[in-house]
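*Asks:* Sending over a structure as structure tokens; questions will come in a sec.
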Amino acid sequence: MKKASLILIFLLHNISAFSQKTLKLKPSASYGDDAEIATSFGCTPSFSSAPWETLNNGTTSELNYAMWTYGALGCGNGTQRSLIRFKGLDTTSIPLSSIISVKLNLFGVSSSGNWGTSYFVGSPYPLTNEGWVERVTGSWTESVVTWNIQPTTTATNRAAIGVSASRFNWNTSIDVTTIVNDIIASGTNNGFLLRLNTEGIYRRVTFASSDYSDSTRWPELVITYLDDPCAGTTADFKDTNTSCYTFDFTDLSVPKDSGIVSWNWDFGDLTTSTLKNPTHTYADYGTYNVRLIVWDSGGCTDTITKAVTINYSHFANAGKDTTICLNNGLASTILIGAGGISYRWSPTTGLISPTAKNTTANITAAATYYLTVTNAFGCKDIDTVNINLHPVPIINNKPKDTSVCSGANLQLNASGVKTYQWSPASELDSPNKSNPTVVNIINPKTLIVMGTDANGCIAYDTIKIKLNPSVTVSVTPQNLLACSEDTVDFVASGALSYKWYPSEGLSNDSIANPKHHVTKSQTYIVKGKSAAGCEGVDSITVNIYPSPKVDAYAFANENIVRCKGDEVTISATGASTYSWSPAEFCAFPGSSSTSVYPTKNTVFTVTGTNDNGCKATDTISVIYEGKEKVYVPNVFTPNNDQINDKIGIVDECNIVLLSFDIYNRWGQNVYSGYNISDKWDGNYNGKPCDLGTYFYLIKARTLEGQSVEFKGDITLMR
């Protein structure tokens, strides 16, 4: 293929050798592709079983680009576009530079069977149905394409279609030269898309498709181009760099006829040559545009220009400056060279192999290295690389050194770096954390932490852990027997401070010698701390003697003092010795049984002590009536059986009888007596009284001379 510059020159000097030709592509229904795609906004028209968007119209006889209303078909507005592809365009070998013009000719259809083109002036048929021809960039198939699966297009270099001039049989010719050039340049022919410029209603243009009955109205593509008689002559060459600035140039040109007969080289530095395969040496590095013009034996010529680059003067490459870590006083890095075939590094201090392309440098301070590179042509160049050092990281370790109690846990806390590694790892719960815990310390130890910062630099620190003196706590007495409710003393020693567990029953659980009120058998633990916080532990167990079960009682519930000066007997069991209180009312306060003579209602408490000295108490209440009174039975049977034949005062307390009178229910006095021993036999005036209830009245005086009366009722039964 000729270059554009060569075509222009050839036209100037040999224009008569070119001839203008025309290629017409007019495919039929079986050769070529065209299809209409349409949408009615999801509507299914009355003539179809599916929406227009899903219908393939690859065999329709018309090509439309339009927007119209389709109320008569049961739908609203609809839009049509059309696709055309000329298959002959795939096989043409016409060079782009030879194309003069390309016309797309489209032909309208008659009025029969279609609605024609909207060209009318005014509403609703405005004269605004201009359109576009756009290049299709996506693939499509005539028998498959629909609105929903239409190919992609590009608006770049699209061509305008003017407004129609008539409703039927309107023909137009569109210049699509630029679009065809784009198709040929892309190497892919997907054809053209016809569409309205503005897709508004009442705009329509209709053309015949390749399926139309009249072949003269099929779409056609007309390509006009120049035929070049020298199209087979092509200039070409190869350049070979043989030394620093020297190149060998080899002609690779292809003639149309018998051979290349002449060469004209321009090396781009104002020097030329007419040799077939010249050698040229440049004065300096840089890029030069080398041009070769060749002529073959038939007089045809061609030109080619290529850029030739001389290596820059600075081709040595010692790599990028870098910053590395100085760990344990030594830093190591790999120096990487490039740009030639041999290398020499300097200074050589710390280098493993100074003449290697890549070598290892071990340094103790920042350094600059120089690399001398020799390329394949013997040229030498120098580059430098700076090796800098990151600052040494500092680990902040807390605590630094410390003392702990035996068996304690200690949390460490390091900071200042990115990652941590503690050793020995077996001593810690998580040796890769900044704050691991040392568990159950029972021996002095030294731990080491290795920290790595974000640059990979490493630092070390240590922590020494010592053991504080141990604490031995002892409690006296070790084991204790006591009675319930006793108070005993605990004494702990060996520490600075103390804590007793449990605290129940202790006078103070935070002193060395608390008092303990005994209520049950219990083991107490005391923890003592030294000034350093170390702990010791001891215990004491308190066991309880059995307590006596003391029971205070009075026989036959005779615990009532009815008359002044009377006494009752109370007793107790369940112990070895006894003590009664209040003792002033007891005849024998240290005995298990004692007579008591209270002057008022009194609760007597007996404390019993068993053989272990443990005590228990019980109480008994003595009721004190201690007043004047008499007692008369409420029933008697005067039937001469010598049993309960008479009734009178049976008992009296602190009175002097004056009279004892008995009355029947009508208030008639049936008996009177004046001595305590007087009794009624149930007769009145020598005759037995009736059965029933009778009432008595006793008049008396107290020992102090006060008058008192006692009333009641009795029942006479026989």
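The values are calculated or read from the model by the stated rules, or taken from the named source; none is laboratory data. Because the structure is a prediction, the values reported are computed rather than measured. A quick note on method: Cβ atoms are made from the backbone with ideal geometry, for glycine too, and the neighbour counts reach across all protein chains shown. Each accessible area value is taken on the protein alone, full model and side chains, heavy atoms only, with ligands, DNA and RNA left out. Shrake-Rupley method; radii C 1.70, N 1.55, O 1.52, S 1.80 Å.
*Asks:* Between Ser672 and Glu709, what is the spin-label point distance in nm, taking each point 7 Å from the Cα along the Cα→C-beta axis?
*Replies:* Those two pseudo-labels are separated by 1.6 nm.
*Asks:* Still on this structure: Between Ser213 and Ser166, what FRET efficiency follows from the Cβ-Cβ distance if R0 is 22 Å, with the result rounded to 0.05?
*Replies:* That pair, Ser213 with Ser166, gives E of 0.60.
*Asks:* With each pseudo-label sitting 7 Å past Cα toward Cβ, what's the Ser510-Asn264 distance in nm, one decimal?
*Replies:* Roughly 11.4 nm, to one decimal.
*Asks:* Let me ask another. Is any residue of the range 312-334 close enough, with backbone N under 16 Å, to a label point placed 7 angstrom from the Cα of Thr349 along the Cα-Cβ axis, and if so, which?
*Replies:* Answer for this model: 330-332.
*Asks:* Helix 177-186 sits at what angle to the longest principal axis of the chain, using alpha carbons and giving 0 to 90 degrees rounded to 10?
*Replies:* 70 degrees
*Asks:* Estimate the FRET efficiency between Thr271 and Asn409 by the formula 1/(1 + (r/R0)^6), using the beta-carbon distance for r and 60 Å for R0, to the nearest 0.05.
*Replies:* 0.10
*Asks:* At a 1.4 Å probe radius, which order do Asp690, Asp34, Asp678 fall into by accessible area, largest first?
*Replies:* Asp690, Asp678, Asp34
*Asks:* Another one. Taking the Cα centre of the range 396-553 as origin and charging only Cβ (+1 Lys, Arg; -1 Asp, Glu), how large is the dipole, in debye to the nearest 20?
*Replies:* 500 debye
*Asks:* Charges at C-beta only: +1 for Lys and Arg, -1 for Asp and Glu. How large is the resulting dipole of the chain about its Cα centre, in Debye rounded to 20?
*Replies:* 1320 debye
*Asks:* Any chance you could run the full-extension gain for Arg701 through Asn328? It's 0.36 nm times the residue separation minus the Cα-Cα distance, nm to one decimal.
*Replies:* Extra length available between Arg701 and Asn328 comes to 121.8 nm.
*Asks:* Which percentage, to the nearest 5, of the DSSP beta bridges contained in the chain is antiparallel?
*Replies:* Within the chain, antiparallel bridges account for around 95 percent of the total.
*Asks:* Here's something else I'd like to know. Please arrange Phe604, Phe47 by accessible surface area, largest first, computed with a 1.4 Å probe and ligands excluded.
*Replies:* Greatest to least solvent exposure: Phe47, Phe604.
*Asks:* At 222 nm, what helix-only mean residue ellipticity would the chain give, in deg cm²/dmol to the nearest 500, using -39500 (n - 2.57) for each DSSP H run of four or more?
*Replies:* Here the helix-only value at 222 nm equals -1000 deg cm²/dmol.
*Asks:* Among DSSP bridges having both ends in the range 604-718, what percentage is antiparallel? Round to the nearest 5.
*Replies:* Bridges in the range 604-718 are about 95 percent antiparallel.
*Asks:* How much accessible surface area, in Å² rounded to 10, belongs to the heavy atoms of Ser591 with a 1.4 Å probe?
*Replies:* 40 Å²
*Asks:* Tell me which trypsin sites (Lys or Arg not before Pro) from the range 498-606 have a DSSP coil assignment and no more than 13 other beta carbons within 10 Å of their own.
*Replies:* Answer in residue order: Lys520, Lys549, Lys600.
*Asks:* Here's another thing I want to ask about it. If you filter the range 419-524 for chymotrypsin sites (Phe, Trp or Tyr not before Pro), then keep DSSP loop positions with at most 16 other Cβ within 10 Å, what is left?
*Replies:* When the chymotrypsin sites (Phe, Trp or Tyr not before Pro) of the range 419-524 are filtered for loop state and at most 16 Cβ neighbours within 10 Å, nothing remains.
*Asks:* Once fully extended, how much extra length lies between His517 and Asp681, figured as 0.36 nm per residue of separation less the alpha-carbon to alpha-carbon distance?
*Replies:* 52.0 nm
*Asks:* Now for a different question. Using a 1.4 angstrom probe and counting only protein chains, how large is the accessible area of Thr198 in Å², to 10?
*Replies:* Here the residue's solvent-accessible area equals roughly 80 Å².
*Asks:* Sticking with this structure for a sec: Using DSSP to call loops (not H, G, I, E or B), can you name the chymotrypsin sites (Phe, Trp or Tyr not before Pro) in the range 234-335 whose Cβ has at most 14 other Cβ atoms within 10 angstrom?
*Replies:* Tyr312
*Asks:* Got a number for the accessible area of Ile324? Probe 1.4 Å, square angstrom, nearest 10.
*Replies:* About 20 Å², rounded to the nearest 10.
*Asks:* Please compute the net charge surrounding Leu691, taking Lys and Arg as +1 and Asp and Glu as -1 over other residues with Cβ under 15 Å from its Cβ.
*Replies:* Residues close to Leu691 contribute a combined charge of -1.
*Asks:* Let me ask you something else. Quote the Stokes-Einstein diffusion coefficient, in whole µm² s⁻¹, for the range 494-620, based on the Kirkwood radius over alpha carbon pairs, a temperature of 37 °C and a viscosity of 0.692 mPa s.
*Replies:* Result for D is 183 µm²/s.
*Asks:* Can I ask one more? Give the residue from Tyr553, Asn513, Ser186 lying farthest towards the positive end of the charge dipole for the chain; charges sit on Cβ (+1 for Lys and Arg, -1 for Asp and Glu) and the dipole is referred to the Cα centre.
*Replies:* Farthest along the dipole direction, towards plus: Ser186.
*Asks:* Mind checking which aspartates and glutamates have their Cα closer than 13 Å to the Cα of Lys527? Skip sequence neighbours fewer than 8 apart in that chain.
*Replies:* Asp509, Glu535, Asp538
*Asks:* Something else now. List residues of the range 169-196, by number, whose backbone nitrogen lies under 13 Å from a label position 7 Å along Cα→C-beta of Glu130.
*Replies:* Answer for the range 169-196: 196.
*Asks:* Find the relative contact order for the chain and round it to a whole percent, using C-alpha pairs within less than 8 Å whose residues are 6+ positions apart.
*Replies:* 7 percent
*Asks:* While we're looking at this one, here's another question. Answer with a single label: of (i) 26.7; (ii) 28.5; (iii) 43.7, which was calculated as Kirkwood radius over Cα pairs in Å from the structure in view?
*Replies:* It is the value labelled (iii).
*Asks:* Next up: Averaged per residue, what accessible area in Å² does the chain show with a 1.4 Å probe, protein chains only?
*Replies:* Result: 51 Å² of accessible area for each residue.
*Asks:* Once you order the gyration tensor axes a ≥ b ≥ c over the Cα atoms, which shape class does the range 33-189 get: rounded for a/c under 1.5, otherwise prolate or oblate by comparing a/b with b/c?
*Replies:* Judged from the Cα gyration tensor, the range 33-189 comes out oblate (a/c at least 1.5, b/c at or above a/b).
*Asks:* Helix 4-14 against the longest principal axis of the chain: what's the angle in degrees, Cα atoms only, rounded to the nearest 10?
*Replies:* 10 degrees
*Asks:* Just to be sure I understand the model, the point goes 7 Å from the Cα along the line to the Cβ. What's the resulting Ala365 to Ser571 distance in nm?
*Replies:* Roughly 11.5 nm, to one decimal.
*Asks:* Follow-up. Only four residue types carry charge here, +1 at the Cβ of Lys and Arg and -1 at the Cβ of Asp and Glu. Report the dipole size of the range 459-618 about the Cα centre in Debye, rounded to the nearest 20.
*Replies:* 480 debye
*Asks:* Using a 10 angstrom Cβ neighbour count of at most 12 plus a DSSP loop assignment to flag exposed GluC sites (Glu not before Pro), which longest range of the chain is free of such sites?
*Replies:* Longest stretch, sites excluded: 1-557.
*Asks:* For the range 584-718, with all protein chains present and a 1.4 Å probe, just round the carbon and sulfur fraction of the accessible area to a whole percent.
*Replies:* With neighbouring chains kept in place, the figure for the range 584-718 is 47 percent.
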